[in-house]
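Asks: Could you have a look at this structure, given as structure tokens, before my questions?
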Amino acid sequence: MGIVARGAWLAAAVALFVQPARSQTPLRGAIVEGSVVDSSTRRGISGARVRIQSGQDEPLFTATDEQGHFQFAGLEYRAYQVDARYPGFITSQEAAGEYGGVRVDPMRNRPNEQVRLNMQRYGAIVGKVVDPFGVPVEGVAVNALQRNPIGERHRFVYYHDGSDQYAGPLPTRTDDLGEYRIAPLAAGSYYVFVQPGSNYFPSQPAMRLLSDARERATFYPHALKPSETKPVELAEGKELRVDVRIIRQGGVKVSGRILGVTPEDAQAASGLDVWVFVSPLSPGASSMSSSTLAGDRFTAADLLPGKYLFEAGQYAAGNSSHRSEEHTSELQSLRH
């Protein structure tokens, strides 16, 4: 009797032990299917690469058949993101500046509901960037920006002008011949924006020119601000050539004095370095730059009209923490 009772107790214990593991097994059998379609012709795209992913899980891939149809079977009943890739095309979500694909949830979608991924042919803006003397420049940043009202959410905003902001993808850079290509781009209006001067190391060091503070960030074809020019129009599936010559324009020199501590005093007393940094606060102002120091005096050269923040600080070598003082100044006119 004791042996039977003990066996029953062990069976119950095994059942209790196994049950939780069985309840944690995910429920599978979900199907996600649909079509990848050319939004212009309404025809399916054969051979498109389709990806499905849930959260941070490993993505799954498949390809569309001759009618543009795809299917993922045996999935867990969870929410997924589905997107597609095909040479020369972008999804409608990407064309609208949205990323992440289409969200589907087999638990909530209607039975037999299919996903439709619309794609459209993308365009490209290509061209050459030359310096004010007509020499091709390697390694300068080039971007295609679109104008939107301030407040709209965009991943990368590069410029503000009045009530407008100018956003775009990450910039590309010119090659050793000064050539660039920006793609993929949806059809629309773009401001081509060139930013000379960077920490880029060219493939041909001998071609790297000394930086010139008078070379300005330039909007095609020859403007310092987007409000002073017009955008270019890119058609769907087309390639548009836009060559840019960087503007060279002198500015004014701003100088001042650092109060409280000089670079020599800081070095002698505690090994601190002193710096003065200039940041633009208004459209059309010069790009951020550091100034030169001589004793307790600083000088920032070739600043364009606009509002600036002058920040002076000191820090120890190898220590990013620092103390600083700020001053805002506005330049009203140019004197050459």
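The values are calculated or read from the model by the stated rules, or taken from the named source; none is laboratory data. Only a predicted model underlies this, so the values are computations on that prediction, with no experimental measurement involved. Neighbour counts are summed over all protein chains in view; Cβ atoms, including those assigned to glycine, are modelled from backbone coordinates with ideal geometry. What goes into the accessible areas is simple: the full protein's heavy atoms, side chains included, and nothing from ligands, DNA or RNA. Shrake-Rupley method; radii C 1.70, N 1.55, O 1.52, S 1.80 Å.
Asks: So, taking all protein chains as they sit and a 1.4 Å probe, how much accessible area belongs to Arg28, in Å² rounded to tens?
Replies: Here the residue's solvent-accessible area equals roughly 140 Å².
Asks: I would also like to ask the following. Taking amide H atoms as placed 1.01 Å from N in the peptide plane, list the residues 5 or more away in sequence, or in a different chain, whose amide H sits under 5 Å from that of Arg297.
Replies: Here the answer is Ile258, since their amide H atoms fall under 5 Å of that of Arg297.
Asks: Could you give each residue of the range 173-185 its phi-based ³J(HN,Hα) in whole Hz, using Karplus coefficients 6.51, -1.76, 1.60 with θ = phi - 60°, and x for Gly or Pro?
Replies: Using θ = phi - 60°, the values come out as 10, 6, 8, 5, 9, x, 8, 9, 8, 10, 6, x, 10 Hz.
Asks: Quick one: which residues, 5 or more positions from Asp83 or on another chain, have an amide H under 5 Å from its amide H? H modelled 1.01 Å from N in the peptide plane, none for Pro or chain starts.
Replies: Hits under the 5 Å cutoff: Arg51, Val102.
Asks: Can you tell me how much longer the chain between Phe156 and Arg257 gets when fully stretched, taken as 0.36 nm per residue apart minus their C-alpha distance, in nm with one decimal?
Replies: 32.7 nm
Asks: Of the listed peptides 128-141, 95-108, what is their order by residue-averaged count of other C-beta atoms within 10 Å, with the highest listed first?
Replies: Result, highest mean first: 128-141, 95-108.
Asks: In percent, how large is the relative contact order of the range 104-194, given Cα pairs closer than 8 Å and 6 or more residues apart?
Replies: The value is 37 percent.
Asks: If you rank Ile150, Ile125 by how much accessible surface each has, with a 1.4 Å probe, what is the order from largest down?
Replies: From most exposed to least exposed: Ile150, Ile125.
Asks: How far is the Cα center of the range 133-175 from the Cα center of the range 40-83, in Å?
Replies: Between the Cα centres of the range 133-175 and the range 40-83 lies a distance of 33 Å.
Asks: Lys128: which aspartates and glutamates have alpha carbons under 19 Å from its alpha carbon, excluding same-chain residues fewer than 8 sequence positions away?
Replies: Excluding near neighbours in sequence, the set is Glu138, Asp175, Asp176, Glu179, Glu215, Glu233, Glu239, Asp243.
Asks: Please give, to one decimal in nm, the separation of the simple spin-label points placed at Ala183 and Ser54, each 7 Å out from Cα toward the Cβ.
Replies: Those two pseudo-labels are separated by 3.7 nm.
Asks: Place the peptides 181-188, 71-78 in order of packing, highest mean first, counting for every residue the other Cβ atoms within 10 Å and averaging per peptide.
Replies: Descending mean neighbour count gives 181-188, 71-78.
Asks: Under 18 Å Cα to Cα from Lys225, which lysines show up? Leave out anything in the same chain fewer than 8 places away.
Replies: List returned: Lys307.
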